[in-house]
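Contents: one structure, followed by commentary.
Rule-based calculations on the coordinates, nothing more; no lab input. Because the structure is a prediction, the values reported are computed rather than measured. Using ideal geometry, Cβ is built from the backbone for each residue, glycine included, and neighbour counts are taken over all protein chains shown.
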Amino acid sequence: MLTVNAYAAPSATEPLVPTTIQRRDLGPKDVLIQISYAGICHSDIHTVRGEWGPITYPQVVGHEIVGTVTETGSEVTRHGVGDRVGVGCMVNSCRECANCRAGQEQYCLKGNTGTYASVDRDGTITQGGYSTHVVVVEDFVLKVPHAIPFEAAAPLLCAGITTYSPLAHWNAGPGKKVAVIGLGGLGHMAVKIAHAMGAEVTVLSQSLRKREDGLKLGADHYFATSDPATFDDLANSFDLIINTVSAVIDLDAYLSLLALDGTLVNVGAPPQPLPVRVFTLFGNRRSFAGSGIGSIQETQEMLDFCAEHGIAPETELIAADAINDAYERVLSSDVRYRFVIDVATMA
């Protein structure tokens, strides 16, 4: 077992604290990664505060991870010592169910093994990327292209793939009108990726406070949803709407913005239910859908797409001892647009 430095939540109500955790011995198919950077995702906060259900403490979170391979198991063929690699939201799956066999292991019917707060193959609870090292089976490790700045790459492993996957699945591209609800960690990536795909992109935000940012990131239009006229002016307009906010919204109002056969896809995950009137869906044959992360293959595709198009998240680099302050700033929307922990400060 390898003892490594980390930051963990002792309970749902206490701040994260420095600690040490154990990483398993390297198996024949495993890769040991020295973590360089770890992104802070809103999911981390929901998890450690028990908002998505009970978890086992102490818990190390973080599922936006980039680092360098320092050791490989005897049967590893995909990665070598010195490679720049990444780990996202899952570290294993059953490999046997219909979805896994179809290359959609993110939808493993037995439940994929999450990077943190999940039961690992040895019965222990997985611990995430707010740590100096991690051991992961090679099939769930991604290659990070050199064209992507390493200190900015980590959020692509969650925010990037979470938005890329529905944009690709619902065919965002030339001739398509795409709206993005919210311009935060997820939303700013959705704007960049949809723009690179060739879609006409509109940001729907509570206010016009980030309008200049949105247009610089690639949006063609920017509207304030606090203005009732927005919903009148944009009725029946969009082929695809990506909802990135983790809060309750008036779904019926946003669904009314869809054109014929349009789809609203939820990627934000509020703890509360989101009510919807079925009659709103009847109009224009609208669809309301959900999308999780992408498969490992699609995540690699996303990384390569971002490298090709010069896409990287907008990040603010912080030391490990600033994690708790960063959490409060995330909750108050005081970040543009993703915090990244410099893991070297944990050593």
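Near residue 125, the amide H atoms lying under 5 Å from its own belong to 120; only residues 5 or more places off or on other chains count, and H is placed 1.01 Å from N. Less than 5 angstrom separates the built amide H of residue 179 from those of 202, 240, 241, 242, all sequence-distant by 5 or more or on a different chain. Cα-based values for segment 99-204, radius of gyration first and Dmax second, are 16.4, 49 Å. Legend: P(r) of segment 160-290 from all alpha carbon pair distances, 5 Å bins from 0, whole percents, reading 2, 12, 24, 26, 23, 11, 3, 0.
Of the three principal axes defined by the Cα atoms of segment 219-326, the extents in descending order read 48, 33, 28 Å.
Mean residue ellipticity, 222 nm, helices only, the chain: the sum of -39500 (n - 2.57) across DSSP H runs of n ≥ 4, divided by residue count and rounded to 500, is -6500 deg cm²/dmol.
Loop-located trypsin sites (Lys or Arg not before Pro) in segment 85-186 (DSSP state not H, G, I, E or B) with no more than 13 neighbouring Cβ atoms inside 10 Å: 95, 110, 121. Build a GNM of the chain with springs between Cα atoms under 10 Å apart, and of 76, 135, 61 the one that fluctuates most is 76. I need the shape label for segment 1-158. Rule: rounded when a/c is under 1.5, else prolate if a/b > b/c, else oblate, with a, b, c from the alpha carbon gyration tensor. Rounded. Shown here for segment 48-92: GluC sites (Glu not before Pro) in loop regions (DSSP other than H, G, I, E, B) with at most 11 other Cβ atoms within 10 Å, namely 75. Taking amide hydrogens as placed 1.01 Å from N in the peptide plane, the amide H of residue 90 sits under 5 Å from those of 115, each at least 5 positions away in sequence or on another chain. Rounded to the nearest whole Hz, the Karplus-based 3J(HN,Hα) values (6.51 cos²θ - 1.76 cosθ + 1.60, θ = phi - 60°) of segment 60-67 follow the sequence 9, 9, x, 10, 10, 10, 10, x, with x at glycine and proline. Taking label points 7 Å from Cα along the Cα-to-Cβ direction, residue 29 and residue 248 give a separation of 4.4 nm. Loop-located trypsin sites (Lys or Arg not before Pro) across segment 253-315 with a Cβ neighbour count of 11 or fewer within 10 Å are 277, with loop assigned by DSSP.
At an R0 of 51 angstrom, the distance between the Cβ atoms of residue 81 and residue 309 translates into a FRET efficiency of 0.95. Return the whole-Å distance between the Cα centroid of segment 104-168 and the Cα centroid of segment 12-81. About 9 Å separates the Cα centre of segment 104-168 from the one of segment 12-81.
Evaluated at q = 0.07, 0.09 Å⁻¹, a Debye calculation over the C-alpha positions of the chain (equal weights, vacuum) places log10 I(q)/I(0) at -0.28, -0.47. Comparing 328, 105, 200 in a Gaussian network model of the chain where C-alpha atoms under 10 Å apart are linked, the largest mean-square fluctuation is found at 328.
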